[in-house]
Amino acid sequence: MLTGIGIMLLTFVVMEVVAWAMHKYVLHGFLWFLHKSHHTRHQHTFEWNDLFFAWYGTLAMLFFIFSSEPLDYRFWIGAGITLYGVAYFLIHDVFIHRRIRVFGRSTNVYLKALNMAHKVHHKVTGKHGSESFGMLWVAPGYFKAASKIVRKQEQERRGAVHH
């Protein structure tokens with residue numbers, strides 16, 4: 001069981017690397033015609049880019065289906081992909097893009113840095129010139145900027161309380 005959980009967590013981490021590479025080289029490459037829907041403002045509930053979410057869901061499902069015995073390594077790989085998919089949905093679709101309005105604005109430095117990196121990624125609406133292709137990994141510069149913003153917000157909030 002512990003080995004399985006380890007495989008699941010390792011798969012989750014590997015999925016961030018896979019997602020980064022897919023995003024940079026495939027989505028902003030030959031599958032841009034599908035991904036560009038994600039870089040365009042629209043009022044649709046779904047976008048062509050959502051097909052990639054379905055792809056990873058199908059991949060996870062296949063690992064579950066083809067695990068030869070209950071809870072073998074393929075099951076745990078499928079679980080890791082699924083866990084990453086849940087994190088992706090909650091962080092990317094719900095928190096960052098607010099496709100479902102559940103979360104408010106965060107003062108958490110990591111989440112603010114993540115949001116900033118994603119906003120910078122979306123500043124470029126074309127196929128080339130973007131940066132920050134990962135979902136969970138954030139370049140250190142964004143942490144510095146987010147820390148400054150959070151500190152300033154906290155100081156302003158404290159100042160408003162004292163006046």
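The values are calculated or read from the model by the stated rules, or taken from the named source; none is laboratory data. Fair warning: this is a prediction, and the values are worked out from it, not measured in the lab. In this analysis, Cβ positions are derived from the backbone assuming ideal geometry, glycine residues included, and neighbour counts consider all displayed protein chains.
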Residue in region 76-116 that is nearest to I149 (Cα to Cα), counting only those that are at pLDDT below 80 and aliphatic (A, V, I, L, M): I96
Is at least one residue of region 124-139 part of a helix (DSSP H, G or I) and either free of Cβ contacts under 8 Å to residues at least 12 places away in the same chain or closer than 16 Å to Y88 by Cα (or both)? no
Would you please name the residue that is modelled with the lowest pLDDT, looking only at residues in region 119-163 that are farther than 28 Å from V13 by Cα and surrounded by 13 or more Cβ atoms within 10 Å (Cβ to Cβ)? Q153
Could you say which residue among M1, M22 is modelled with pLDDT of 85 or more, buried (at least 16 other Cβ atoms within 10 Å of the Cβ) and not hydroxyl-bearing (S, T, Y)? M22
Please state which one of F46, F63 is in contact with a helix residue (DSSP H, G or I) (Cβ under 8 Å, 6 or more places away or on another chain) and of a type in the set (F, W, Y). F63
